[in-house]
Amino acid sequence: YRGFSIAHNAASEAEVDSLYKEAIALGARQLKKPEKAFWGGYSSYVADPDGNLIEIAYNPFFPFNAAGELDI
């Protein structure tokens, strides 16, 4: 662990699943399979080939606007 992780906020649980599978297919290492999170969302973790952590998550409390941008 390098003291930080990168997060990708997905628009749905299905998108988390899809991005997780794509990351693994591209060489990422599985750390935590997508699952419901205690805070009400859905998340997973992978590590890129250099060992950097990437969270792929859906947060139902952070909606996306019409332009596809996270609206918090």
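The values are calculated or read from the model by the stated rules, or taken from the named source; none is laboratory data. Predicted model only: the values in this text are computed from it and were never measured. Every residue, glycine as well, gets a Cβ built from its backbone with ideal geometry; the counts of neighbours run over all protein chains shown. Quick note on the areas: whole protein, heavy atoms, side chains included, nothing else; ligands and nucleic acids left out. Shrake-Rupley method; radii C 1.70, N 1.55, O 1.52, S 1.80 Å.
Identify the residue in segment 40-61 that is of a type in the set (Gly, Ala, Ser) and surrounded by fewer than 16 Cβ atoms within 10 Å (Cβ to Cβ) and, among all such residues, is modelled with the highest pLDDT.
40
Among the residues of segment 12-56 satisfying the criterion of being of a type in the set (Gly, Ala, Ser) and assigned to a strand (DSSP E or B), which is farthest from residue 68 (Cα to Cα)?
My answer is 47.
Give me the residue from segment 18-39 that is in contact (Cβ under 8 Å) with a residue 24 or more places away in the chain and under 9 Å from the mean Cα position of the chain (by Cα) and, out of that set, most open to solvent (accessible area, probe 1.4 Å).
Per the criteria, the residue is 19.
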